Amino acid sequence: MVSAEKGFRFLKSPDFLTSAIYLKKPERIEALLMVMTTCLMVYAALEHEIRQQLKEQNRYFPDMKKKPYQRPTARWVFQCFQGVTVLTIEDKTQIVVNLKERQQTIIDCLGKTYRQIYS
């Protein structure tokens, strides 16, 4: 299976409500496909970068069975970030809460900008 085809298998998933998307005009269908393709490119680039950095830094991210792994899917990484929130105090101070070691591993792999966002 080609990489791009793997990225679009979510269309068959019951989690993705394809029946809820009803577009008649060809230009709207094209626009939706453009957005979806762009999202898939960002998703694939993020997954590639995480995997490459884990390998280069000889670090591991726990898989669903909590075993060390260097090839996590972006979907799994996104799921692992659920619950991480930004607490804003008096419209001035922002604190990232519920950040665990596994999320910090990914943040470190993604570099300086991500460390600044999550610090």
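Rule-based calculations on the coordinates, nothing more; no lab input. Note that the coordinates shown come from a computational prediction; the quantities given were computed from them, not determined experimentally. Backbone-built Cβ (ideal geometry, glycine too); neighbour counts: all protein chains shown.
Scanning the range 76-85 for residues that are in contact (Cβ under 8 Å) with a residue 12 or more places away in the chain and either part of a helix (DSSP H, G or I) or not small (Gly, Ala, Ser) (or both) yields 76, 77, 80, 81, 84, 85. Filtered by the rule that a residue be in a helix (DSSP H, G or I) and in contact (Cβ under 8 Å) with a residue 40 or more places away in the chain, the range 47-68 gives 49, 50, 53, 54.
If you go through the range 34-48 and keep only what is out of contact with any Ser or Thr (no Cβ under 8 Å at 6 or more places or on another chain), closer than 18 Å to residue 79 by Cβ, of a type outside the set (A, V, I, L, M) and surrounded by 12 or more Cβ atoms within 10 Å (Cβ to Cβ), you end up with just 43.
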